[in-house]
1. Can you give the mean number of other chain Cβ atoms that lie within 10 Å of the Cβ atoms in peptide B:67-79?
2. Label 7 Å along Cα→Cβ of B:Phe13; segment B:206-231 residues with amide nitrogen under 17 Å?
3. Can you give the Rg/Rh ratio of chain A, where Rg is from the C-alpha atoms and Rh is the Kirkwood radius?
4. From the phi of every residue in segment B:54-61, what ³J(HN,Hα) in whole Hz does the Karplus formula 6.51 cos²θ - 1.76 cosθ + 1.60 yield, where θ is phi - 60° and glycine or proline is x?
5. Which whole-Hz couplings ³J(HN,Hα) result when phi for each residue of segment A:56-65 is put into the Karplus expression 6.51 cos²θ - 1.76 cosθ + 1.60, θ = phi - 60°, listed in order with x for Gly and Pro?
6. Are there any trypsin sites (Lys or Arg not before Pro) in segment B:185-262 that are in a DSSP loop and have at most 14 other Cβ atoms within 10 Å? List them by number.
7. Hey, how many Å between the Cα centroid of segment B:156-188 and the Cα centroid of segment A:182-254?
8. If you take each beta carbon of peptide A:89-100 and count the beta carbons of other chains within 10 angstrom, what is the mean?
Amino acid sequence: MEFNAIYVIVAREFKKFIREKSRLFSAIARPLLWLFIVGAGISRLVPRDTGVPYTQFIFPGIIGMTILFSSIFSSISIIWDKEFGFMKEILVAPVSRFSIVIGKALSGTIVSTLQAVIILALFPLLGFKLSLLQIMAVIFICASVSFCISTFGIVLATFYESYESFSVIMNFIIMPMFFLSGAMYPVRLLPDILRLVAKLNPLTYGIDAMKHAIFPHEAGPMGPDFSLTTDAAAIIITSIIFILIAGKAFERKK
Amino acid sequence: MSIISVKNLTKKFNGITAVDNISFEVEEGTIFGFLGPNGAGKTTTINILCTLLSPTSGSAFIAGHDCMKESSEVRKAIGIVFQDTTLDKDLTAYENLIFHAYLYNVAKNKMREQVDNVLRFVDLYARKDDLVKKFSGGMKRRLEVARGLIHWPGVLFLDEPTLGLDPQSRTNLWEFISELPVKHNVTIFMTTHYMEEAEVCDRIAIIDNGKIIAIGTPDELKKAVGGEIVYIRTTDNANARKEIEKLFRLNVSEKNGELYLSCEMGDTCIPEIIRTIGERVLSVRVQRPTLNDVFLQLTGKTIREEETSSFDSVKESVRAYRRRHE
C-alpha cells in the first residue's frame, strides 16, 4: 500500500469539502429538516407511551442518513472524476488500485464522520443526556458505518460511467436504503418482505448499533432490533466484501 | 539505445482492429511522432504503452520494462499529457502538482522545490495559487506538461498536445516541448494530426487504419515522395513544354495553365529552364513536398479532410447558437 497516495487522495477530498461551502451547508440542512420538521410532524401520530419519544427515536436514524448521503456523495465523486478526466491522472500513477480504493473509502469516512458529529452535537436540543462514553461510542460507530457505506458507494461508482446515472442511484438506491434502514420506523414493525430487505441493508445495522449506544435501556418496540454483536459483524463483513469488490472492479483493464 | 520498443502490437475492440500489428523503436532523447487522422489508432497505442489498456497481442517495452507485466515500473518511468484535460479544476495549479508529486512518491523535502521548478519552467509560477478553472486552454496544457515532468520521467507522452489551442499558444508550447530532449534528456512520444507539428519530430511514424504505413525522419519521408515540383507559367505553354521535356528528358504536365515537373533539386533546375525558354517565362515557383504530400501519396487522401469537416460542424453550431440568441 502506498501511504503517500492514500494521504493525498484523502487530502484532496477534504480540501474540496472545506472549500465547497454549499455542499457543507446542504449536508447539514437536510438532517435538520428531517429532525425538526418531519420528526415533529410524525411524532403527533405516534402514541406517547411506546418508549422513547419519536423525535428522539429518529435521532440515530438521521445521523445514519447524514452518513448515507455524504458517504455515497463522496464515493460518487469517482464518477465526476471519470467524467472530467481526473481519474486518468490517478490511474496512470504508479499506485496500486487497492490504495486508490482505500484512499477514496477513507475520504468518504472522514468527511461523513465529520458531518455526523455535527448532527450528533445537537443532542441537547432533543432532550438527550449522553455521557462522554456514549458520545465516543456513537462517533466510533459513525466512522465504521461511514467506511462501510463509502466502500459501497465506490462499488456503485465503478458501475456507472457518467453523472446522468446519478438520479438513478439517488432514487433507486439511496432513498430505499434510507427508508428501509430502521431510521424512520423500527425494523420489527415492517411487513415481512420489507423487513427482509431491511435486513440486507448494511445501514440498518449501523443505525441499530447507534440505538444501542444512544438509548441502551430501551427494550420496547422503539429500541434496537438486533444484538450489538450482530450489528458489528454485519458492518465488518459487508465492509470487507465491498472493499474486495471495489478493488477488483478497479483492477479490470479493458 | 531504444527507450521504447514495440513489436507486433495489435489491439482489437469487439472485432474491430484499432491497432494492427505495429512495430517501432524510439531512441532515447529524441522526439518521436505518431502522425495520422483521427481514429487511426494513435490514442489506443498510447493507452497501451502507458498501461491503461492491455493489447490483444504483441509486446511493448519502455526503459526495459514490460508494459504488460511491470506496469508499476513503466508508470514510474513515464509522464503523460492526455488529449483531454485531466486536471482538477477545483484545485489550484500548485495543489494539482502537489497531488501528482505525492502519487509519484517524490521525496517530501524535494517536493515543493520541484513543483516550483516546473511551474517556473512553464511560466505559471505567478499563477500557482489560482484555481485551475480560471486558466485558459493554453495555460491548462502547459500546467499538464509541467505536471508530467514533476517526477522526471524518461519518456513524456503527449497525445494531441495542441488540440484546441490558439496559434500563439501552440507556437509557445512547441518551443518549450522541442527543448525538452536537449535540456532535460526526456524522450518525447507525441501524436498529432497537424502536419506542421510533425515537422519538429526527429522521427515520424505515419499511421492510418491502425497500421504504420511509413516511418522515418521528416526528410526521408518527403524524399520518398519524389523531388521538388517546379511550376512555370509561360506565354506559349505548348512549345515551352516540348523544349523543357527535351532538355531534362522528363515528363512535363500542365494544370490550370501552368506547366509543372518534378526534379530532384528544384533550385538548380530553374536557371536551366529559364535559359532554354528565355523571354517566354512569366513566373516560376518551386514547391517542396510537405508531409501532407507524403500522407496523400501513401493513403490517397489528405489528413485534413476529416478535420475540416469537424471544424465546419463547430462553426455551424456556433452560427446556430448566435441565430438563437440574436
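No value in this document is a laboratory result; all are computed from the given coordinates. These numbers come from a predicted model, not from an experiment. All Cβ positions, even for glycine, are placed from backbone atoms using ideal geometry, and neighbour counts span all protein chains on display.
1. Details: counts 0, 1, 0, 0, 4, 5, 1, 2, 5, 2, 1, 2, 1.
If you average over the peptide's residues, the count of other-chain Cβ atoms is 2.
2. Hits in segment B:206-231 for B:Phe13 at 17 Å: B:208-211.
3. Values: Rg = 18.3 Å, Rh = 18.7 Å.
Rounded to two decimals, Rg over Rh is 0.98.
4. For segment B:54-61, the Karplus-derived couplings read 9, x, 6, 7, x, 10, 9, 10 Hz, x marking Gly and Pro.
5. 7, 4, 7, 4, x, x, 6, 4, x, 5
6. Working: sites: B:Arg203, B:Lys211, B:Lys222, B:Lys223, B:Arg233, B:Arg241, B:Lys242, B:Lys246, B:Arg249, B:Lys255; in loops: B:Arg249.
Within segment B:185-262, the qualifying trypsin sites (Lys or Arg not before Pro) (loop, at most 14 other Cβ atoms within 10 Å) are B:Arg249.
7. Using only Cα atoms, the two centres lie 54 Å from each other.
8. Values: counts 13, 4, 5, 15, 11, 13, 6, 2, 0, 0, 1, 1.
Mean shielding by partner chains, rounded to a whole number: 6.
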